[in-house]
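> Before anything else, here's the structure in question.
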Amino acid sequence: MDSIKLKLSFRDAAGFSILQTLIESLYPEDMGPGVMTVDDFLQNGIAKLDQNIEERVKKASSNGCVLRYVCMIEGSSVQVGIREVPKDSPLGRLRGSDNIVEIRSRCYKEQPLVIQGAGAGNDTTAAGVLADIIDMQDLFP
């Protein structure tokens with residue numbers, strides 16, 4: 001959710017409209033609402049998700065990469081999802097709850113402008129998740 005909120009903040013600050021947004025789900029369609037029950041998800045789904053992520057981690061590692069949840073804005077398109085990034089890149093070196101923004105432009109084509117700092121941390125993230133859950137209850141009358 002933080003990546004999506006960050007995307008919207010940058011969009012608003014830059015004053016341009018997003019025409020296409022692609023968000024990779026953190027779980028496959030066959031585990032979605034209406035397909036898999038909560039009990040089945042808790043009994044079988046979590047192990048399946050762990051296996052999927054473990055395979056992706058191994059593949060990334062064999063490529064000299066790590067996995068990061070990334071929001072990419074290019075032109076009027078936004079993509080959010082888990083991506084392989086080189087271990088030695090700014091995103092690859094990211095640790096803990098830090099956030100990072102890489103800006104690539106005509107002036108910063110070869111070496112991006114990197115802005116990095118402390119993320120929200122546990123308390124602020126928990127408060128944000130709770131606020132999102134409260135907002136979601138309005139979707140299910």
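> Look through 126, 60, 120 and report the one residue that is within 17 Å of the chain's Cα centre (by Cα), within 20 Å of residue 24 (Cβ to Cβ) and open to solvent by less than 70 Å² (accessible area, probe 1.4 Å).
None of the other options fit; the residue is 60.
> OK, next. Tell me which of these residue 42 doesn't satisfy, since it passes every other one: (1) of a type outside the set (S, T, N, Q); (2) part of a helix (DSSP H, G or I); (3) closer than 23 Å to residue 97 by Cβ.
(3)
> Considering only the range 82-128, state which residues are in a helix (DSSP H, G or I) and either in contact with a Lys or Arg (Cβ under 9 Å, 6 or more places away or on another chain) or at negative phi (or both).
122, 123, 124, 125, 126, 127, 128
> Go through the range 19-53 and count every residue that is more than 30 Å from residue 112 (Cα to Cα) and free of Cβ contacts under 8 Å to residues at least 24 places away in the same chain.
The number of residues fulfilling the criteria is 24.
> Would you be able to say whether some residue in the range 59-69 is on the phi > 0 side of the Ramachandran plot, in contact with a strand residue (DSSP E or B) (Cβ under 9 Å, 6 or more places away or on another chain) and not in a strand (DSSP E or B)?
The answer is yes; a qualifying residue exists.
> Name the one entry in 50, 40 that is under 20 Å from residue 25 (Cα atoms), open to solvent by 70 Å² or more (accessible area, probe 1.4 Å) and not β-branched (Val, Ile, Thr).
Only one candidate qualifies: 50.
> Give the range 63-112 a look and list any residue that's open to solvent by less than 60 Å² (accessible area, probe 1.4 Å), acidic (Asp, Glu) and under 23 Å from residue 20 (Cβ atoms), or say none.
102 - this is the single residue of the range 63-112 that is open to solvent by less than 60 Å² (accessible area, probe 1.4 Å), acidic (Asp, Glu) and under 23 Å from residue 20 (Cβ atoms).
> For residues that are open to solvent by 70 Å² or more (accessible area, probe 1.4 Å) and not in a loop (DSSP other than H, G, I, E, B), tally how many sit in the range 129-141.
9
The values are calculated or read from the model by the stated rules, or taken from the named source; none is laboratory data. Here the structure is a predicted model, which is why all the values come from computation and not from measurement. FYI the Cβ positions are ideal-geometry reconstructions off the backbone, even for glycines, and counts take in every protein chain you see. Heads up: the accessible areas ignore ligands, DNA and RNA and are worked out on the full protein's heavy atoms, side chains in. Shrake-Rupley method; radii C 1.70, N 1.55, O 1.52, S 1.80 Å.
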